[in-house]
Amino acid sequence: MNHSILFLYLSFPILFMLHELEEIAYMNDWLHKNLKSEKIPQRLKKNPPTHKAFTLMVLEEYLLMLVIAVICYSFSYHEFYVSLIIAYNIHILVHIGQALFFEKLRSGINIRDILFYYSHPYSIEKCFRP
């Protein structure tokens, strides 16, 4: 068993949830403070997600990600799992873009920076070296 691959499978769900908990904690306040901004899309201003709805969306994403992780680990579909991490990295890059677009950070702790390093191709490549 390659310990790097095991680390990849165990650490990604933890980092995923840390980032999502950060979003749950700060999203509602951030959204209500910035709803009057011209930069917020009209559709979001008209129907902002409730705290409960956002939390349920996060739970659904997390459970789906765990099911995919178990399937990938069970059948050694490691490359597919890495593609999931890379896709999530795009989500993190969107947050960085939002911070630049709104000219302020969206949340208090910068879990996205840790995730960006974690899902950087060099970090993933280390898991597949012999």
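Some notes on this structure:
- Criterion (modelled with pLDDT under 80, surrounded by 15 or more Cβ atoms within 10 Å (Cβ to Cβ) and out of contact with any Cys (no Cβ under 9 Å at 6 or more places or on another chain)) met by exactly one of 92, 109, 40: 92
- Taking first residues from region 45-73 that are touching a residue at least 12 places away in the same chain (Cβ under 8 Å) and partners that are surrounded by 12 or more Cβ atoms within 10 Å (Cβ to Cβ) and among the polar types (S, T, N, Q), the Cβ contacts under 7 Å between residues at least 6 apart in sequence or on separate chains come to 51/28.
Let's see how each residue does on (1) at pLDDT 80 or above; (2) under 23 Å from residue 101 (Cα atoms); (3) surrounded by 14 or more Cβ atoms within 10 Å (Cβ to Cβ); (4) in contact with a Phe, Trp or Tyr (Cβ under 8 Å, 6 or more places away or on another chain):
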| position | (1), (2), (3), (4) |
| --- | --- |
| 6 | yes, no, no, no |
| 12 | yes, no, yes, yes |
| 19 | yes, yes, yes, no |
| 22 | yes, yes, yes, no |
| 36 | no, yes, no, no |
| 46 | yes, yes, no, no |
| 54 | yes, yes, yes, no |
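- Scanning region 72-86 for residues that are of a type outside the set (Ser, Thr, Tyr) and not in a loop (DSSP other than H, G, I, E, B), we see that the one that is modelled with the lowest pLDDT is 86.
- Search result, residues across region 1-22 that are under 16 Å from residue 88 (Cβ atoms) and outside any helix (DSSP H, G or I): none
- Subset of region 26-48 (residues that are part of a loop (DSSP other than H, G, I, E, B) and either within 25 Å of residue 12 (Cβ to Cβ) or among the basic types (Lys, Arg) (or both)): 36, 39
- Test for residue 65: is it in contact with a Leu (Cβ under 8 Å, 6 or more places away or on another chain) and part of a helix (DSSP H, G or I): yes
The values are calculated or read from the model by the stated rules, or taken from the named source; none is laboratory data. In this text, all values refer to a predicted model and were calculated from it rather than measured experimentally. Virtual Cβ from ideal backbone geometry, glycine too; neighbours counted across all protein chains shown.
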